[in-house]
Amino acid sequence: MSSGQIQRLTTLARSLILAGLMLGVGTLAICKEWVSGIVWPEPAVIDPGPVGGPPSDAVVLFDGKDLSQWDGGDKWVVENGIVSPRGGDIRTKDSFGDCQLHLEWASPEMVVGTSQQRGNSGVFLGNQYEVQILDSYDNKTYFDGQAAALYKTKPPLVNACRKPGEWQTYDIIYNAPRFNEHGTIVKPGYLTVLHNGVLVQNHTEILGETAYEFPPILKPHERAPIRLQFHGNPVKYRNIWLREIPEPDPVRPE
Ligand code: MG
């Protein structure tokens with residue numbers, strides 16, 4: 001390439017860069033930022049903690065030591081950082097509304113029973129809406145009663161169950177139903193569930209108390225305990241924590 005050609009190419013490149021810069025400046029000049037006018041409070045800074053572990057703003061419900069955060073656990077067995085149901089359900093001493101709940105569970109390694117009699121337990125949000133815990137690894141049962149079903153309301157989107165004895169995670173987002181002073185529902189409740197990190201309930205509407213023997217019945221309530229079920233099977237639990245969902249309170253324009 002001759003020096004003349006190189007000079008022409010250099011001049012062309014400079015012209016293109018200059019045109020690009022001018023176009024950018026021009027765009028900036030005519031582009032005015034849209035602002036909502038809402039004054040949002042600054043989101044709190046938290047420590048997310050270790051993977052799977054409680055963030056700094058979590059309420060730790062079971063850290064492997066004891067059931068001091070629960071009522072009814074006299075017969076439950078706490079051993080080696082794990083707790084296992086015996087004798088009856090347990091309920092948190094505190095009551096909660098909208099929350100994010102993390103828990104880890106394992107069905108018994110030794111497989112005993114079939115269908116609903118294999119590794120059955122459950123976690124109840126609002127003390128009455130059961131996200132089923134069951135050994136659903138190669139274990140047929142009714143679909144709205146298998147692991148991660150909102151019991152008798154909706155089956156999980158997929159069966160993400162691990163093998164018996166293996167640790168599994170539930171991450172649950174609970175939006176409690178809202179009622180007015182007359183007990184009429186004004187905003188439905190919803191559950192979103194990740195089972196072993198897999199979405200299995202996607203903003204599923206809560207239709208009412210979940211039970212084996214009657215259809216869902218929605219009754220007015222406010223904050224309520226979290227409940228873990230004793231269903232006769234030695235399921236294991238560990239690492240249970242909860243975060244109440246913060247609700248920003250912005251200042252809105254007149
Ligand atoms: Mg159950």
Can you find a residue that is at pLDDT 95 or above, closer than 15 Å to G126 by Cα and buried (at least 18 other Cβ atoms within 10 Å of the Cβ) anywhere in the range 153-167? no
Every residue in the range 49-70 that is surrounded by 14 or more Cβ atoms within 10 Å (Cβ to Cβ) and of a type in the set (A, V, I, L, M), please. A58, V59, V60, L61, L67
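Of all residues in the range 116-148 being over 18 Å from N233 (Cα atoms), part of a loop (DSSP other than H, G, I, E, B) and open to solvent by less than 30 Å² (accessible area, probe 1.4 Å), which is nearest to the ligand (Cβ to nearest atom)?
Applying the filter and picking the extreme gives Q128.
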For the range 95-103, state whether one or more residues are surrounded by 17 or more Cβ atoms within 10 Å (Cβ to Cβ) and out of contact with any Asp or Glu (no Cβ under 8 Å at 6 or more places or on another chain). yes
Go through the range 102-115 residue by residue and tally those that are within 16 Å of the ligand (Cβ to nearest atom) and within 14 Å of the chain's Cα centre (by Cα). 1
Tell me, which residue of the range 83-94 that is charged (D, E, K, R) and under 28 Å from E205 (Cα atoms) is most open to solvent (accessible area, probe 1.4 Å)? K93
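Of the residues I206, I185, only one is touching a Pro at 6+ places or on another chain (Cβ under 7 Å) and either on the phi > 0 side of the Ramachandran plot or open to solvent by 60 Å² or more (accessible area, probe 1.4 Å) (or both); which? Quick ask: steps written out before the conclusion?
On the way: I206 fails: either on the phi > 0 side of the Ramachandran plot or open to solvent by 60 Å² or more (accessible area, probe 1.4 Å) (or both).
That would be I185, the only listed residue that is touching a Pro at 6+ places or on another chain (Cβ under 7 Å) and either on the phi > 0 side of the Ramachandran plot or open to solvent by 60 Å² or more (accessible area, probe 1.4 Å) (or both).
With the range 23-100 as the region, which strands (runs of 3 or more DSSP E) entirely inside it contain at least 2 residues that are among the aliphatic types (A, V, I, L, M)?
Where strands (runs of 3 or more DSSP E) fall fully within the range 23-100 and carry at least 2 residues being among the aliphatic types (A, V, I, L, M), they are 59-62, 77-79, 82-84.
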Which condition number in (1) open to solvent by 60 Å² or more (accessible area, probe 1.4 Å); (2) in contact (Cβ under 8 Å) with a residue 12 or more places away in the chain; (3) farther than 24 Å from D63 by Cα is the one that K236 fails? (3)
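The values are calculated or read from the model by the stated rules, or taken from the named source; none is laboratory data. Quick caveat, the model's predicted, so the values are computed rather than measured. So basically every Cβ, Gly included, is an ideal-geometry build from the backbone, and we count neighbours across all protein chains shown. When the accessible area is computed, the model is the full protein with side chains, heavy atoms only, and any ligands, DNA or RNA have been set aside. Shrake-Rupley method; radii C 1.70, N 1.55, O 1.52, S 1.80 Å.
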